[in-house]
1. Tell me, what HN-Hα J-couplings in whole Hz come from the Karplus equation 6.51 cos²θ - 1.76 cosθ + 1.60 at θ = phi - 60° for each residue of the stretch 19-26, using x for Gly and Pro?
2. If r is the Cβ-Cβ distance from Lys257 to Glu162 and R0 is 45 Å, what FRET efficiency results, to the nearest 0.05?
3. Within the chain, what is the longest stretch that has no GluC sites (Glu not before Pro) placed in a DSSP loop and near at most 11 other beta-carbon atoms within 10 Å?
4. Of all beta bridges DSSP finds with both residues in the chain, what is the antiparallel percent, to the nearest 5?
5. Considering Cα pairs under 8 angstrom that are at least six residues apart, work out the relative contact order of the chain and quote it in whole percent.
6. Determine by what factor the alpha-carbon radius of gyration of the chain differs from 2.2 N^0.38 Å, reporting the quotient.
7. Please work out, to two decimal places, the log10 of the ratio I(q)/I(0) at q = 0.15, 0.26 Å⁻¹ from a Debye calculation in which every Cα of the stretch 164-238 carries one identical scatterer.
8. So how much slack lies between Glu82 and Ala19, counting 0.36 nm per residue of separation and subtracting their Cα-Cα distance, in nm?
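No lab work stands behind these numbers, since they all come straight from the coordinates. This structure is a prediction, so every number in the text was calculated from the model and none was measured. For neighbour counting, all protein chains shown are included, and Cβ atoms are generated from backbone atoms with ideal geometry for every residue, glycine included.
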Amino acid sequence: MKRVVLIDGSSYIYRAFYALPSLTSPKGEPTGAIYGFIRMISKLLKELQPEYIAVAFDYPGKTFRHEEYKEYKATRKETPDELKAQIPKIKQILKLWGIKVIEIPGYEADDIIATLAKKAVEKGFEVIIVTPDKDMLQLVNDKIKVLNPVNDELFDKDKIKEKYGIYPEQFVDFLTLIGDKVDNLIGVHGIGTKTAQKLLNQYKDIEEIYKNLDKLKEKQKKSFEEAKERINLNKKLIQLKTDTPLDMEIEELKKEKTDMTNLKEMFHNLGFKSLKIEEEKKENQIKQGRLF
């Protein structure tokens, strides 16, 4: 079965930026995030060896979710200028590497990946989504898995059940109930992780919980009655879009030949002396994505 690897580039960039000390090129430009990003992508390519691969990025500016909820992600800090300056070069390197870069105005990387994953499954592909974002776990099924690059955990349906006590198809409701501090979404008062797991195991989904409010404890019943509007909003914001305006077929994500000449020159200009390409193994490494 063909496999496509879909990477959440925005989360990768942040991880690379904060994981490494500040580095600079011979010209004094910041390069730490670039260096870390390249190392992580290289490791991923060596381990998964995908024939099809794409990196999705959040598009700068507000999304349709901000239109629904003005406070969406309001608590997030502004992207540091030092990081912003490195993003264009990261995208340029990916393109020289033969990897497709995708971003759509008004949509997040998560929605792009959700759309591509759906298309891939319909075409008979196996999908591995690479991200530390637990929102993506809602997409897991028999053909889609999520790899957390922070600890190399690979989530299939059984792994999600083992770790979170629920199944992937319940994950949107789970996050809706407990809220999401990262996205500034407030959950149901008094409903934490364990209570949400218990309720979803007992009633399957939020709709069934509301049908059985009289069976809940009085405090829980009151919380659900007061939170109905918030729950509807949370669910709408957490549910990933699988119909983003993406005029692209999965076959277009096939990794292209690496532009070795320009990539080596770019590494040299950035001062990446330890990132060497072994010329004698070049052809084999191109096929496997092994540059270092």
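1. Taking θ as phi minus 60°, the curve returns 7, 10, x, 5, 10, 9, 7, x Hz for the stretch 19-26.
2. With a Förster radius of 45 Å, E is 0.65.
3. Longest gap between qualifying sites, sites excluded: 79-248.
4. The antiparallel fraction comes to roughly 30 percent.
5. Values: 440 pairs, mean separation 70.2, N = 292.
Dividing the mean separation by the residue count of the chain yields 24 percent.
6. For the chain, the normalised Cα radius of gyration is 1.11.
7. Normalising to I(0) and taking log10 leaves -0.42, -1.38.
8. Numbers: separation 63, 0.36 × 63 = 22.68 nm, distance 1.41 nm.
Gain on extension, Glu82 to Ala19, equals 21.3 nm.
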